[in-house]
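The values are calculated or read from the model by the stated rules, or taken from the named source; none is laboratory data. In this text, all values refer to a predicted model and were calculated from it rather than measured experimentally. FYI the Cβ positions are ideal-geometry reconstructions off the backbone, even for glycines, and counts take in every protein chain you see. With ligands, DNA and RNA removed, areas are computed over all heavy atoms of the protein, side chains included. Shrake-Rupley method; radii C 1.70, N 1.55, O 1.52, S 1.80 Å.
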There are 2 protein chains.
Amino acid sequence: MAPQIPFEARLAGAARSVERVLERFLAEDARPGEIARPPRLVAAMRHAVLSGGKRLRPFLLVESARMLGHEEPGVLQAGAALELLHCYSLVHDDLPAMDDDDLRRGKPTVHRGFDEATAILAGDALQALAFELMADAATHQDGAVRSELVVGLARASGLGGMVGGQMLDLAAEGRYGASALGENDIRRLQAMKTGALLAFSVEAGAILAQANAAARIRLEDFGRALGAAFQIADDLLDREASTAAMGKSTGKDREKGKATLVDVLGLEEARRERDRLVSEACAALDGFGRAADVLRVAARFVAVRKS
Amino acid sequence: MAPQIPFEARLAGAARSVERVLERFLAEDARPGEIARPPRLVAAMRHAVLSGGKRLRPFLLVESARMLGHEEPGVLQAGAALELLHCYSLVHDDLPAMDDDDLRRGKPTVHRGFDEATAILAGDALQALAFELMADAATHQDGAVRSELVVGLARASGLGGMVGGQMLDLAAEGRYGASALGENDIRRLQAMKTGALLAFSVEAGAILAQANAAARIRLEDFGRALGAAFQIADDLLDREASTAAMGKSTGKDREKGKATLVDVLGLEEARRERDRLVSEACAALDGFGRAADVLRVAARFVAVRKS
C-alpha cells in the first residue's frame, strides 16, 4: 500500500492480508506431517480467530518492518503468529475460572459457544500454532532471525510477560488475599499483561528487518509507550463505552475491583497521561523522519479508538 | 556417561542433568529482559515440573543425539524444552473441565494445590517457556536447526498432534454425542495424544545431530513404534497397577468409558501387541548397530515399566 492511503483503510487492508494467512493455517484438512485435525477443535480455533478484530499487532509488525525497508511476504506470517498468540490469550482469559466472560466481539466466547474443555484445548493449540508460524521457513530466510522471533514471542507472552500479567491481574482482584495496588504496581501489571506483546509486535518488525541496535532501541521505546497508552485507552473505554460498541460486557473490570490507572489518577489525569504517552511514543520515532508517519498515526489511533 | 552404565542409572543421571536446566529456568528471580515473575505463578510452575518424573522424553532426545555423535550441552536444554511441554499438557489435562484429577505423581495436581486459574496460567506459561528454551541460542549454534526444532515441537504438540489427541480422547468419552471407537480410531487417537511427542523426542535428537535422511527415517520409525508401545503399556498399567505405584488414581480411564487397545484386544492380545511393537522399534534401529543399544533397552523399559 502507498503511504498516502488513509490510516483506517490501511489497517483494514493489513487485517485482510493477515486473515488470509490465518485462514490457510486454520483449514479443516490436516496438513502434511499432521495425523488428523479433529473437526470440533478446528471449529473452536476458527471461532476464536476468525470472528473479527482489528489485527492491531500484525499491523504494527508489518508497518515497523516496512518502515525499516523489509516488505517480504513473510511479515504477514509473522503477523499472523502474533494474532494467534493474542487470540489464545483471549480464549483462556474468558474462561469461567478466569474472567468468566460470555461475549467477545459480540459473539459467544469459545467456552460458551463450545464448552470449557474445548476452549482450554483450542487456546493451547493456538499457542502452539503461533510458535509454528513464527519458526516456519516462510517467515524469514535466516533461521537465526526466526529463532530470535520465537524467543522474543515466548518472553513477551510468558511468565515474565503476558501470562505473568494475567496472574498479577487475578491477584489484584483480591483472590489470593488483600490487595492494594499503587500506581507503580498497576503500571507494571499492565506493562506485562498487554504492554509486552504490543511492544514485541513493533520489535518483531525490527528483528525481521535485521535493524541496527539504534533503530531497535528507538522502536522498543515507541512500543513501550504505545502499549501503556493502549491500556489507559482500554480502561477509559471500559469506563465510558456502551456494551454495544465494545462487543463485550463493560464496566465489568470495575465490578471485580480490578485496579486501573483511571481509578488511581481520575478520568482527567488519566486522559492527560494517555496523551503524554502518545507524545512520548511519537518522539521515540524522531530519528526515522517521515518514514515513521504511519506508526505515529497508529499511536494516536490506539489511544483514541472507540472500540 | 559410558555405555556400560546400567540403564536405570543412565536414565536417572539424564533426569538429574535435565532437572538442573529446568531449575535454572524456573528460578524465582526474573531473568534479564523480563519485567517480573509473580511468585504464585513461579511456584505453580515449579510444582508442575519439579515434582519428580522419569524425564523420559529428554532421555530419548539426549540418547538419540548421542548415538548420532552429537553430545553438546545444548541437548539438555532441548530436552528440558520437551519436558516443559509435557508438564504443561499434564497440568491442563488434570483440570476439572478435562480429566478432573486430584493427584499426579502422588502429589496434589496444580489446580488442587493452587487453584484453577493459576493452573491454567501455569500451563500456558510452561508452554511458552518450552518454545523459548528450544529456540534459545544455547540449544544449538545453527539458527535453522533451532527453528526446525520449534516447528517440529509445535506440530507434535498442537492441533494435529498432542492437543488434537486430547480432543479426540474427550470425544471418545461420549461428551459430544455417542462414540464407538474401533481399533484404528484408537490407534490414531493415541498416535496423536502421546505418540507424537514421544516420536518427536527421538526425531529432535536427529535434528540436533543434523543427521541424514536415512537416519532420520529409521529414527522416526523407531519413535512411532515406541510411542505406540508406551501407550499400551500405560493402558495395561491403568488396568493392573495399584494407585500407590502409579501415584495417580488408576482404573479411572475405564470408569470414564475411555476406549483403549486393551479393551478392544483383550489383556493377552494387548501384551502381545506391545511386545510386537517393541520388536518393531528395535528392528528400525538395525542400521545403527551397537550404537543403538541404549535406545533398544529404552524401548523395552518403556514397555514393561511398573509406573
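Some points to look at:
- Zone residues, the stretch A:91-108, relative to A:Lys54, backbone N less than 19 Å from point 7 Å out along Cα-to-Cβ: A:91, A:104-107
- Considering only A:Ala204, B:Ala128, A:Leu85, and ranking their Cα positions along the charge dipole of the protein assembly as shown that arises from unit charges at the beta-carbon of Lys, Arg, Asp and Glu, the one farthest toward the positive end is A:Ala204.
- Out-of-range pairs (alpha-carbon distance over 30 Å; input A:Lys54/B:Lys258; A:Lys258/B:Lys258; A:Lys107/A:Lys306): A:Lys54/B:Lys258; A:Lys258/B:Lys258
- Cα principal axis extents for the stretch A:1-60, largest first, Å: 46, 21, 14
- Across the protein assembly as shown, counting alpha-carbon atoms alone, Rg and Dmax equal 24.2, 76 Å.
- Taking each residue as 0.36 nm, the span from B:Glu28 to B:Glu173 lengthens on full extension beyond its C-alpha to C-alpha distance by 48.3 nm.
- Inter-copy label distances at B:Asn212, shortest first and taken from points set 7 Å along Cα to Cβ: 4.5 nm.
- Only protein heavy atoms count here, probed at 1.4 Å, and on that basis chains A and B bury about 4600 Å² of accessible area in total.
- Seen from A:Gly182, the other residues with C-beta closer than 14 Å to its C-beta sum to a net charge of -1, counting Lys and Arg as +1 and Asp and Glu as -1.
- Taking Cα centre as origin and charging only the Cβ of basic (Lys, Arg, +1) and acidic (Asp, Glu, -1) residues, the dipole magnitude of the stretch B:4-131 rounds to 460 debye.
- Longest to shortest principal axis, alpha-carbon extents of the stretch B:7-304, angstrom: 52, 50, 34
- Peptide B:217-228, shielding by other chains (average Cβ, 10 Å cutoff): 0
- A dipole drawn for chain B from +1 and -1 charges on Cβ atoms has a positive end, and of B:Met192, B:Ala44, B:Leu295 the residue lying farthest that way is B:Leu295.
- Here is how far apart the A:Leu50 label points are across copies: 4.4 nm, shortest first, using a point 7 Å from Cα toward Cβ.
- Within 10 Å of each Cβ in A:112-120, the average number of Cβ atoms from other chains: 4
- Using the Cβ-Cβ distance between A:Glu72 and A:Arg187 with R0 set to 41 Å, the FRET efficiency from 1/(1 + (r/R0)^6) comes to roughly 0.70.
- Equivalent ellipsoid dimensions for the stretch B:152-228 as semi-axes, Å, which come from the Cα gyration tensor, largest first: 28, 12, 7
- Base-10 log of normalised Debye intensity for the stretch B:69-198 (one unit scatterer per alpha-carbon) at q = 0.22 Å⁻¹: -1.24
- Accessible surface for B:Tyr176 stands near 70 Å², nearest 10, in the context of the full protein assembly shown (1.4 Å probe).
- Å² per residue, accessible surface of chain B at 1.4 Å: 37 Å²
- Accessible area, probe 1.4 Å, largest first, for residues A:Lys54, B:Lys193: A:Lys54, B:Lys193
- When both the stretch A:197-216 and the stretch A:98-122 are represented by their alpha-carbon centers, they are found 33 Å apart.
- Minimum 50 Å² accessible area buried by the other protein chains, the stretch A:156-202 residues, probe 1.4 Å, relative to alone: A:Leu159, A:Gly160, A:Val163, A:Met167, A:Tyr176
- Principal axis dimensions, largest first and in whole angstrom, of the stretch B:1-160 by Cα: 44, 37, 35
- This model, with +1 at the C-beta of Lys and Arg and -1 at the C-beta of Asp and Glu, gives chain B a dipole about its Cα centre of some 560 debye.
- Tail fraction, Cα-Cα pairs, the stretch A:76-136, threshold 15 Å, whole percent: 48 percent
- Heavy-atom SASA rank of A:Arg10, B:Arg105 (probe 1.4 Å, accessible area, largest first): B:Arg105, A:Arg10
- For A:Asp29, the label point sits 7 Å beyond Cα toward Cβ; its separations from the matching points on the remaining copies run 5.4 nm, from shortest to longest.
- Just the protein heavy atoms count here, and of the accessible area of the stretch A:7-304 at 1.4 Å, carbon and sulfur take up 49 percent.
- Partner shielding of A:28-38 amounts to 6, given as the average count of beta-carbon atoms from other chains within 10 Å of each residue beta-carbon.
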